[in-house]
Amino acid sequence: MARVHIIGGGLAGLAAAVRIAKAGHDLTLYETAARAGGRCRSFHDEKLGCVIDNGNHLMLSGNGSLYAYLDDINARDRLVGPDAADFPFVDLETDERWTLSLNKGRWQGWVLDRNRRIPGTRAWDYLSALRVLMARRDDRIASLLNPNSVLYHRLWEPLIVAVLNTDPDIASAHLMRRVLLESFAKGQAYCQPRMARHSLADTLVDPALDLLENAGAKLRFHSRISHLDLSDSRILAINLGKESIRLDPEDRVILATPPWIAQQLLDGLATPETGETIVNVHFRMPTALYETPIRIVGLVGGLVQWIFVRGDVASVTISAANKLSKISADDIARNCWSEVARALELGDSPLPAFRVIKEKRATFSATPDAATNRPGARTKWSNLTLAGDWTDTDLPSTIEGAIRSGHRAATHCLSTIGRAVKAHAADSNPITDNRTGVMQS
(Lines give C-alpha, C1' and ligand atoms only; values in the text may rest on other atoms or scores of the structure.)
Protein backbone atom coordinates (compact mmCIF):
# COMPACT_ATOMS: atom_id res chain seq x y z
CA MET A 1 0.00 0.00 0.00
CA ALA A 2 1.22 3.48 -0.81
CA ARG A 3 2.71 5.50 2.04
CA VAL A 4 2.70 9.29 1.99
CA HIS A 5 5.68 11.00 3.60
CA ILE A 6 4.88 14.55 4.74
CA ILE A 7 7.87 16.72 5.56
CA GLY A 8 6.86 19.61 7.82
CA GLY A 9 4.38 19.73 10.69
CA GLY A 10 3.03 23.24 10.29
CA LEU A 11 -0.59 23.88 9.33
CA ALA A 12 0.05 23.11 5.66
CA GLY A 13 1.56 19.73 6.52
CA LEU A 14 -1.12 18.95 9.10
CA ALA A 15 -3.96 19.88 6.75
CA ALA A 16 -2.49 17.59 4.07
CA ALA A 17 -1.85 14.80 6.58
CA VAL A 18 -5.41 14.88 7.89
CA ARG A 19 -6.85 14.57 4.37
CA ILE A 20 -4.45 11.73 3.52
CA ALA A 21 -5.31 9.89 6.74
CA LYS A 22 -9.05 10.31 6.24
CA ALA A 23 -8.62 8.83 2.75
CA GLY A 24 -7.26 5.69 4.41
CA HIS A 25 -3.61 5.88 3.38
CA ASP A 26 -0.56 5.17 5.52
CA LEU A 27 1.53 8.23 6.26
CA THR A 28 4.59 9.44 8.12
CA LEU A 29 4.89 13.04 9.30
CA TYR A 30 8.39 14.44 9.88
CA GLU A 31 8.90 17.56 11.98
CA THR A 32 12.24 19.05 12.95
CA ALA A 33 10.91 20.68 16.14
CA ALA A 34 9.69 19.01 19.32
CA ARG A 35 6.09 19.88 18.51
CA ALA A 36 3.90 20.49 15.47
CA GLY A 37 2.19 23.73 14.53
CA GLY A 38 4.89 25.88 12.95
CA ARG A 39 3.92 29.52 13.44
CA CYS A 40 0.74 28.36 15.19
CA ARG A 41 2.45 26.58 18.05
CA SER A 42 1.61 27.32 21.67
CA PHE A 43 3.62 26.80 24.82
CA HIS A 44 3.48 27.28 28.59
CA ASP A 45 5.42 30.39 29.51
CA GLU A 46 6.87 30.08 33.01
CA LYS A 47 7.31 33.83 33.39
CA LEU A 48 3.64 34.52 32.63
CA GLY A 49 2.38 31.32 34.26
CA CYS A 50 0.06 30.46 31.39
CA VAL A 51 -0.10 29.09 27.86
CA ILE A 52 0.53 31.63 25.11
CA ASP A 53 0.65 31.42 21.32
CA ASN A 54 3.82 32.01 19.38
CA GLY A 55 2.00 34.78 17.53
CA ASN A 56 -1.41 36.34 16.97
CA HIS A 57 -3.45 35.49 13.91
CA LEU A 58 -6.60 37.29 12.80
CA MET A 59 -9.00 34.66 11.49
CA LEU A 60 -12.37 35.41 9.93
CA SER A 61 -15.71 33.62 9.67
CA GLY A 62 -15.32 33.58 5.88
CA ASN A 63 -12.12 31.50 5.96
CA GLY A 64 -13.57 28.49 4.14
CA SER A 65 -10.44 26.36 4.13
CA LEU A 66 -9.92 26.98 7.85
CA TYR A 67 -13.43 25.84 8.70
CA ALA A 68 -13.16 22.80 6.43
CA TYR A 69 -10.02 21.83 8.33
CA LEU A 70 -11.73 22.37 11.69
CA ASP A 71 -14.56 20.11 10.53
CA ASP A 72 -12.01 17.49 9.45
CA ILE A 73 -10.52 17.42 12.95
CA ASN A 74 -13.85 17.95 14.77
CA ALA A 75 -12.74 21.23 16.35
CA ARG A 76 -15.12 23.85 14.97
CA ASP A 77 -16.32 24.71 18.47
CA ARG A 78 -12.77 25.62 19.53
CA LEU A 79 -12.80 28.76 17.36
CA VAL A 80 -14.83 31.57 18.90
CA GLY A 81 -15.94 35.09 18.14
CA PRO A 82 -18.90 37.45 17.92
CA ASP A 83 -21.88 37.04 15.60
CA ALA A 84 -21.27 40.48 14.13
CA ALA A 85 -18.44 42.03 12.13
CA ASP A 86 -17.56 44.76 14.61
CA PHE A 87 -14.01 46.11 14.78
CA PRO A 88 -13.35 48.75 17.48
CA PHE A 89 -10.54 51.22 16.75
CA VAL A 90 -8.63 53.81 18.77
CA ASP A 91 -6.63 56.68 17.31
CA LEU A 92 -3.75 57.22 19.72
CA GLU A 93 -2.96 60.66 18.29
CA THR A 94 -6.43 62.12 18.87
CA ASP A 95 -7.96 59.69 21.42
CA GLU A 96 -10.94 59.25 19.07
CA ARG A 97 -12.74 55.90 19.21
CA TRP A 98 -15.07 54.27 16.72
CA THR A 99 -16.32 50.86 15.69
CA LEU A 100 -16.32 49.63 12.12
CA SER A 101 -19.56 47.64 11.79
CA LEU A 102 -20.36 45.98 8.48
CA ASN A 103 -23.83 45.28 7.10
CA LYS A 104 -25.10 41.74 6.58
CA GLY A 105 -25.13 41.72 2.78
CA ARG A 106 -22.81 42.89 0.04
CA TRP A 107 -24.40 46.34 0.05
CA GLN A 108 -22.56 48.37 2.69
CA GLY A 109 -24.96 51.26 3.14
CA TRP A 110 -23.28 52.30 6.38
CA VAL A 111 -20.81 54.38 4.36
CA LEU A 112 -23.71 56.78 3.68
CA ASP A 113 -24.39 57.19 7.38
CA ARG A 114 -22.24 59.94 8.89
CA ASN A 115 -22.60 58.43 12.36
CA ARG A 116 -21.34 55.01 11.24
CA ARG A 117 -18.47 56.09 9.01
CA ILE A 118 -14.94 56.29 10.30
CA PRO A 119 -14.50 59.79 11.79
CA GLY A 120 -13.15 62.30 9.30
CA THR A 121 -14.10 60.30 6.20
CA ARG A 122 -16.63 61.03 3.48
CA ALA A 123 -18.92 58.59 1.69
CA TRP A 124 -17.07 58.83 -1.61
CA ASP A 125 -13.75 58.08 0.08
CA TYR A 126 -14.84 54.45 0.30
CA LEU A 127 -14.96 54.18 -3.49
CA SER A 128 -11.21 53.58 -3.17
CA ALA A 129 -12.12 50.00 -2.29
CA LEU A 130 -13.24 49.50 -5.89
CA ARG A 131 -9.74 50.25 -7.13
CA VAL A 132 -8.34 47.52 -4.90
CA LEU A 133 -11.10 45.09 -5.87
CA MET A 134 -10.19 45.58 -9.55
CA ALA A 135 -6.42 45.40 -8.99
CA ARG A 136 -4.24 43.60 -11.50
CA ARG A 137 -1.47 41.20 -10.57
CA ASP A 138 1.27 43.79 -11.02
CA ASP A 139 -0.48 46.61 -9.13
CA ARG A 140 0.97 47.93 -5.90
CA ILE A 141 -1.15 49.38 -3.10
CA ALA A 142 0.64 52.72 -3.39
CA SER A 143 -0.54 53.16 -6.98
CA LEU A 144 -4.22 52.72 -6.07
CA LEU A 145 -4.75 54.43 -2.71
CA ASN A 146 -4.03 57.93 -1.42
CA PRO A 147 -1.65 57.55 1.54
CA ASN A 148 -2.51 61.07 2.74
CA SER A 149 -6.23 60.38 3.19
CA VAL A 150 -7.92 59.89 6.56
CA LEU A 151 -9.40 56.59 5.38
CA TYR A 152 -5.98 55.28 4.47
CA HIS A 153 -4.57 56.25 7.86
CA ARG A 154 -7.50 54.89 9.87
CA LEU A 155 -8.43 51.77 7.93
CA TRP A 156 -6.42 50.80 4.89
CA GLU A 157 -2.95 51.01 6.40
CA PRO A 158 -3.58 48.94 9.57
CA LEU A 159 -5.59 46.40 7.57
CA ILE A 160 -3.04 46.04 4.77
CA VAL A 161 -0.05 45.76 7.09
CA ALA A 162 -1.83 43.15 9.22
CA VAL A 163 -2.89 41.03 6.25
CA LEU A 164 0.24 41.30 4.08
CA ASN A 165 3.01 42.00 6.63
CA THR A 166 4.56 44.24 3.98
CA ASP A 167 5.06 47.97 3.64
CA PRO A 168 1.98 49.26 1.74
CA ASP A 169 4.29 51.24 -0.57
CA ILE A 170 5.48 48.00 -2.16
CA ALA A 171 2.68 45.59 -1.20
CA SER A 172 0.66 43.66 -3.77
CA ALA A 173 -2.81 45.09 -4.39
CA HIS A 174 -3.80 41.80 -6.05
CA LEU A 175 -3.17 39.77 -2.88
CA MET A 176 -5.16 42.29 -0.87
CA ARG A 177 -7.91 42.01 -3.46
CA ARG A 178 -8.08 38.25 -3.02
CA VAL A 179 -8.50 38.61 0.74
CA LEU A 180 -11.21 41.25 0.40
CA LEU A 181 -13.15 39.20 -2.14
CA GLU A 182 -13.33 36.27 0.27
CA SER A 183 -14.26 38.32 3.32
CA PHE A 184 -15.15 42.01 3.59
CA ALA A 185 -16.64 42.25 0.10
CA LYS A 186 -19.19 39.57 1.02
CA GLY A 187 -20.52 41.35 4.07
CA GLN A 188 -20.84 40.70 7.78
CA ALA A 189 -21.25 36.92 7.71
CA TYR A 190 -17.81 36.46 6.13
CA CYS A 191 -15.68 38.80 8.19
CA GLN A 192 -16.61 38.23 11.81
CA PRO A 193 -13.34 38.07 13.81
CA ARG A 194 -12.30 34.72 15.19
CA MET A 195 -9.75 33.56 17.77
CA ALA A 196 -8.82 30.24 19.31
CA ARG A 197 -10.86 29.65 22.46
CA HIS A 198 -7.85 28.61 24.55
CA SER A 199 -4.78 28.52 22.30
CA LEU A 200 -3.82 27.95 18.68
CA ALA A 201 -2.41 24.54 19.52
CA ASP A 202 -5.57 23.49 21.34
CA THR A 203 -7.69 24.56 18.36
CA LEU A 204 -5.62 23.80 15.28
CA VAL A 205 -2.85 21.37 16.21
CA ASP A 206 -3.74 18.99 19.04
CA PRO A 207 -7.02 17.71 17.49
CA ALA A 208 -5.18 17.02 14.24
CA LEU A 209 -2.44 15.07 16.00
CA ASP A 210 -5.08 13.05 17.88
CA LEU A 211 -6.78 12.18 14.60
CA LEU A 212 -3.51 11.17 12.99
CA GLU A 213 -2.47 9.01 15.91
CA ASN A 214 -5.85 7.28 15.95
CA ALA A 215 -5.47 6.65 12.21
CA GLY A 216 -2.14 4.92 12.80
CA ALA A 217 0.06 7.63 11.31
CA LYS A 218 3.73 7.71 12.27
CA LEU A 219 4.61 11.05 13.87
CA ARG A 220 8.33 11.68 13.96
CA PHE A 221 9.38 14.78 15.88
CA HIS A 222 13.00 15.92 16.24
CA SER A 223 13.42 14.55 12.71
CA ARG A 224 15.39 16.81 10.41
CA ILE A 225 15.56 15.84 6.76
CA SER A 226 19.18 16.27 5.67
CA HIS A 227 18.69 15.68 1.95
CA LEU A 228 16.57 13.96 -0.67
CA ASP A 229 17.89 11.46 -3.21
CA LEU A 230 16.51 12.63 -6.55
CA SER A 231 16.40 11.24 -10.05
CA ASP A 232 15.25 13.27 -13.03
CA SER A 233 11.66 12.19 -12.53
CA ARG A 234 11.10 11.16 -8.90
CA ILE A 235 12.34 11.15 -5.32
CA LEU A 236 14.18 7.94 -4.54
CA ALA A 237 14.86 8.32 -0.81
CA ILE A 238 14.41 10.58 2.21
CA ASN A 239 17.51 10.95 4.34
CA LEU A 240 17.66 11.86 8.03
CA GLY A 241 21.36 11.96 8.77
CA LYS A 242 22.54 8.36 8.71
CA GLU A 243 19.04 6.98 8.19
CA SER A 244 17.87 6.56 4.60
CA ILE A 245 14.24 5.74 3.78
CA ARG A 246 13.86 4.26 0.31
CA LEU A 247 10.57 4.99 -1.43
CA ASP A 248 8.46 2.35 -3.13
CA PRO A 249 7.05 3.18 -6.58
CA GLU A 250 3.62 3.98 -5.13
CA ASP A 251 4.93 6.15 -2.26
CA ARG A 252 4.44 9.89 -2.33
CA VAL A 253 6.09 12.90 -0.65
CA ILE A 254 4.52 16.22 0.33
CA LEU A 255 7.10 18.88 1.11
CA ALA A 256 5.48 21.37 3.52
CA THR A 257 8.48 23.18 4.97
CA PRO A 258 9.30 26.89 5.08
CA PRO A 259 10.58 28.11 1.71
CA TRP A 260 14.24 28.36 2.72
CA ILE A 261 14.19 24.72 3.83
CA ALA A 262 12.51 23.69 0.59
CA GLN A 263 15.28 25.46 -1.34
CA GLN A 264 17.92 23.52 0.58
CA LEU A 265 16.26 20.22 -0.26
CA LEU A 266 15.42 21.08 -3.88
CA ASP A 267 18.32 22.93 -5.44
CA GLY A 268 17.13 25.57 -7.88
CA LEU A 269 13.57 25.80 -6.55
CA ALA A 270 12.22 29.33 -6.98
CA THR A 271 10.58 30.73 -3.85
CA PRO A 272 9.40 34.23 -2.85
CA GLU A 273 11.67 36.44 -0.77
CA THR A 274 11.28 36.45 3.00
CA GLY A 275 9.13 39.29 4.30
CA GLU A 276 9.43 41.49 7.34
CA THR A 277 9.59 40.64 11.03
CA ILE A 278 6.42 40.32 13.10
CA VAL A 279 6.66 41.27 16.77
CA ASN A 280 4.17 39.91 19.31
CA VAL A 281 4.00 41.00 22.94
CA HIS A 282 1.94 39.09 25.50
CA PHE A 283 0.90 40.81 28.75
CA ARG A 284 -0.48 38.79 31.69
CA MET A 285 -3.17 40.84 33.40
CA PRO A 286 -4.20 40.47 37.08
CA THR A 287 -7.74 39.47 36.04
CA ALA A 288 -9.76 38.92 32.89
CA LEU A 289 -10.54 42.24 31.21
CA TYR A 290 -13.88 41.41 29.61
CA GLU A 291 -16.79 39.03 30.06
CA THR A 292 -16.65 38.02 26.40
CA PRO A 293 -14.10 35.29 25.57
CA ILE A 294 -12.20 37.44 23.07
CA ARG A 295 -11.84 41.05 22.02
CA ILE A 296 -9.83 42.51 19.13
CA VAL A 297 -9.00 46.23 18.98
CA GLY A 298 -7.28 48.10 16.14
CA LEU A 299 -4.91 50.98 16.92
CA VAL A 300 -3.72 53.77 14.64
CA GLY A 301 -1.18 56.49 15.21
CA GLY A 302 1.18 54.44 17.35
CA LEU A 303 3.50 51.47 17.41
CA VAL A 304 0.90 48.79 18.16
CA GLN A 305 -1.47 47.85 15.34
CA TRP A 306 -3.79 45.28 16.92
CA ILE A 307 -4.61 44.10 20.43
CA PHE A 308 -5.95 40.57 20.95
CA VAL A 309 -7.53 40.02 24.37
CA ARG A 310 -8.34 36.50 25.55
CA GLY A 311 -9.16 36.10 29.22
CA ASP A 312 -6.40 37.67 31.30
CA VAL A 313 -3.85 37.88 28.47
CA ALA A 314 -3.63 40.96 26.25
CA SER A 315 -1.43 40.34 23.21
CA VAL A 316 -0.30 42.89 20.67
CA THR A 317 0.91 42.46 17.11
CA ILE A 318 3.26 44.72 15.18
CA SER A 319 3.62 43.66 11.54
CA ALA A 320 6.20 44.88 9.02
CA ALA A 321 8.43 45.39 12.06
CA ASN A 322 11.99 45.10 10.77
CA LYS A 323 12.67 48.41 12.51
CA LEU A 324 12.16 46.68 15.87
CA SER A 325 14.42 43.70 15.26
CA LYS A 326 17.37 45.25 17.16
CA ILE A 327 15.39 46.98 19.92
CA SER A 328 15.46 45.28 23.32
CA ALA A 329 12.44 43.33 24.54
CA ASP A 330 12.13 45.57 27.61
CA ASP A 331 11.95 48.74 25.51
CA ILE A 332 9.42 47.21 23.13
CA ALA A 333 7.24 46.04 26.01
CA ARG A 334 7.28 49.42 27.76
CA ASN A 335 6.37 51.30 24.59
CA CYS A 336 3.61 48.84 23.76
CA TRP A 337 2.17 48.84 27.26
CA SER A 338 1.66 52.59 27.32
CA GLU A 339 -0.45 52.27 24.16
CA VAL A 340 -2.33 49.20 25.38
CA ALA A 341 -3.21 50.87 28.68
CA ARG A 342 -4.57 53.89 26.84
CA ALA A 343 -6.50 51.86 24.28
CA LEU A 344 -8.08 49.55 26.86
CA GLU A 345 -8.64 52.44 29.31
CA LEU A 346 -6.60 50.86 32.10
CA GLY A 347 -5.43 54.16 33.57
CA ASP A 348 -1.97 54.16 35.17
CA SER A 349 -1.75 50.38 35.53
CA PRO A 350 1.88 49.33 36.00
CA LEU A 351 3.67 47.26 33.40
CA PRO A 352 2.58 43.63 33.98
CA ALA A 353 4.58 40.48 33.29
CA PHE A 354 5.26 40.21 29.56
CA ARG A 355 6.81 38.09 26.86
CA VAL A 356 8.17 39.52 23.60
CA ILE A 357 8.42 37.21 20.59
CA LYS A 358 10.12 38.30 17.38
CA GLU A 359 9.39 36.26 14.26
CA LYS A 360 12.11 37.33 11.86
CA ARG A 361 11.06 35.13 8.93
CA ALA A 362 7.35 35.09 9.59
CA THR A 363 6.01 35.44 6.03
CA PHE A 364 7.07 35.87 2.45
CA SER A 365 7.30 39.37 1.00
CA ALA A 366 3.82 40.12 -0.36
CA THR A 367 4.89 42.16 -3.38
CA PRO A 368 3.84 41.77 -7.02
CA ASP A 369 7.28 40.36 -7.82
CA ALA A 370 6.83 37.60 -5.23
CA ALA A 371 4.01 36.05 -7.26
CA THR A 372 6.42 35.07 -10.01
CA ASN A 373 8.41 32.97 -7.53
CA ARG A 374 5.50 31.12 -5.91
CA PRO A 375 5.53 27.55 -7.22
CA GLY A 376 2.39 25.48 -7.64
CA ALA A 377 1.70 22.20 -5.87
CA ARG A 378 2.91 20.06 -8.77
CA THR A 379 6.60 19.54 -9.44
CA LYS A 380 8.70 17.88 -12.14
CA TRP A 381 9.14 14.91 -9.77
CA SER A 382 6.14 12.63 -10.20
CA ASN A 383 5.98 11.61 -6.54
CA LEU A 384 6.58 15.04 -4.98
CA THR A 385 3.99 17.72 -4.16
CA LEU A 386 4.60 21.11 -2.54
CA ALA A 387 2.57 22.75 0.24
CA GLY A 388 2.96 25.92 2.30
CA ASP A 389 1.48 29.39 2.45
CA TRP A 390 4.37 30.52 0.20
CA THR A 391 3.20 28.32 -2.68
CA ASP A 392 0.79 29.69 -5.26
CA THR A 393 -2.47 29.85 -3.31
CA ASP A 394 -3.33 33.34 -4.63
CA LEU A 395 -3.47 34.45 -0.99
CA PRO A 396 -0.90 36.12 1.26
CA SER A 397 0.90 34.27 4.04
CA THR A 398 -2.04 33.47 6.32
CA ILE A 399 -3.57 30.52 8.16
CA GLU A 400 -6.16 30.30 5.41
CA GLY A 401 -3.45 30.17 2.75
CA ALA A 402 -1.44 27.52 4.61
CA ILE A 403 -4.42 25.22 5.07
CA ARG A 404 -5.60 25.70 1.51
CA SER A 405 -2.17 24.75 0.21
CA GLY A 406 -2.25 21.59 2.32
CA HIS A 407 -5.65 20.63 0.97
CA ARG A 408 -4.53 21.20 -2.61
CA ALA A 409 -1.38 19.17 -2.06
CA ALA A 410 -3.39 16.29 -0.58
CA THR A 411 -5.86 16.33 -3.48
CA HIS A 412 -3.05 16.22 -6.05
CA CYS A 413 -1.15 13.58 -4.10
CA LEU A 414 -4.18 11.31 -3.81
CA SER A 415 -4.88 11.59 -7.52
CA THR A 416 -1.33 10.54 -8.40
CA ILE A 417 -1.46 7.63 -5.94
CA GLY A 418 -4.43 6.22 -7.82
CA ARG A 419 -2.64 6.44 -11.15
CA ALA A 420 0.57 4.97 -9.71
CA VAL A 421 -1.22 1.96 -8.19
CA LYS A 422 -2.94 1.19 -11.49
CA ALA A 423 0.32 1.54 -13.43
CA HIS A 424 2.20 -0.67 -10.96
CA ALA A 425 -0.54 -3.31 -11.12
CA ALA A 426 -0.36 -3.29 -14.90
CA ASP A 427 3.41 -3.69 -14.82
CA SER A 428 3.25 -6.46 -12.22
CA ASN A 429 0.48 -8.59 -13.77
CA PRO A 430 1.14 -10.16 -17.16
CA ILE A 431 -1.75 -10.09 -19.61
CA THR A 432 -2.75 -13.11 -21.70
CA ASP A 433 -3.60 -12.50 -25.34
CA ASN A 434 -6.81 -14.50 -25.76
CA ARG A 435 -6.13 -14.97 -29.45
CA THR A 436 -2.62 -16.49 -29.11
CA GLY A 437 -2.40 -17.52 -25.46
CA VAL A 438 0.94 -15.64 -25.23
CA MET A 439 1.75 -13.91 -21.98
CA GLN A 440 2.43 -10.20 -22.47
CA SER A 441 4.13 -7.84 -20.01
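The values are calculated or read from the model by the stated rules, or taken from the named source; none is laboratory data. These numbers come from a predicted model, not from an experiment. Virtual Cβ from ideal backbone geometry, glycine too; neighbours counted across all protein chains shown.
Mind checking whether some residue in region 43-55 is modelled with pLDDT under 95 and of a type outside the set (Ser, Thr, Tyr)? Show your work before the answer.
In the first step, residues of region 43-55 are kept if they are modelled with pLDDT under 95; the result is 54-55.
From what is left, the residues that are of a type outside the set (Ser, Thr, Tyr) are 54-55.
Yes, some residue in region 43-55 is modelled with pLDDT under 95 and of a type outside the set (Ser, Thr, Tyr).
Would you mind listing the helices (runs of 4 or more DSSP H) fully within region 149-217 where at least 3 residues are assigned by TED's automatic domain parsing to the domain that holds residue 35 and at pLDDT 95 or above? Even if it seems obvious, please write down each step before you answer.
Values: elements: 157-164, 173-182, 206-214.
Here the list reads 206-214.
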Pick from region 22-58, criterion among the polar types (S, T, N, Q) and part of a loop (DSSP other than H, G, I, E, B), ranking: surrounded by the most Cβ atoms within 10 Å (Cβ to Cβ) = 56
State all residues of region 398-411 that are in a helix (DSSP H, G or I) and within 15 Å of residue 57 (Cα to Cα); if no residue qualifies, say none.
-> 399, 400, 401, 402, 403
Yes or no: residue 9 within 20 Å of residue 199 (Cα to Cα) and surrounded by 21 or more Cβ atoms within 10 Å (Cβ to Cβ)?
-> yes
Could you list, in sequence order, all residues of region 309-345 that are without any contact (Cβ under 8 Å) to a residue 24 or more places away in the chain, hydrophobic (A, V, I, L, M, F, W, C) and surrounded by fewer than 16 Cβ atoms within 10 Å (Cβ to Cβ)?
-> 327
Look at residue 58 and say whether it is closer than 30 Å to residue 355 by Cβ, out of contact with any Leu (no Cβ under 7 Å at 6 or more places or on another chain) and at pLDDT below 95.
-> yes
Checked against (1) touching a strand residue (DSSP E or B) at 6+ places or on another chain (Cβ under 6 Å); (2) surrounded by fewer than 23 Cβ atoms within 10 Å (Cβ to Cβ); (3) not in a strand (DSSP E or B), residue 297 satisfies every condition except (3)
Determine the pairs where a residue that is basic (Lys, Arg), located within region 99-111, has a partner that is surrounded by 13 or more Cβ atoms within 10 Å (Cβ to Cβ) and part of a helix (DSSP H, G or I) with Cβ atoms under 9 Å apart, the partner being 6 or more residues away or on another chain.
-> 104/188; 104/189; 106/185; 106/186
Hey, any hits in region 110-128 for a residue that's part of a loop (DSSP other than H, G, I, E, B), loosely packed, with under 13 Cβ neighbours inside 10 Å and at positive phi?
-> no
Residue set 178, 220; condition among the charged types (D, E, K, R) and over 16 Å from the mean Cα position of the chain (by Cα); output residue 220
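Pick from 340, 281: which is among the hydrophobic types (A, V, I, L, M, F, W, C) and in contact with a Cys (Cβ under 7 Å, 6 or more places away or on another chain)? It would help to see each step written out before you state the result.
Numbers: 340 fails: in contact with a Cys (Cβ under 7 Å, 6 or more places away or on another chain).
From the options 340, 281, the qualifying one is 281.
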Scanning region 99-151 for residues that are over 21 Å from residue 161 (Cβ atoms) and among the hydroxyl-bearing types (Ser, Thr, Tyr) gives 101
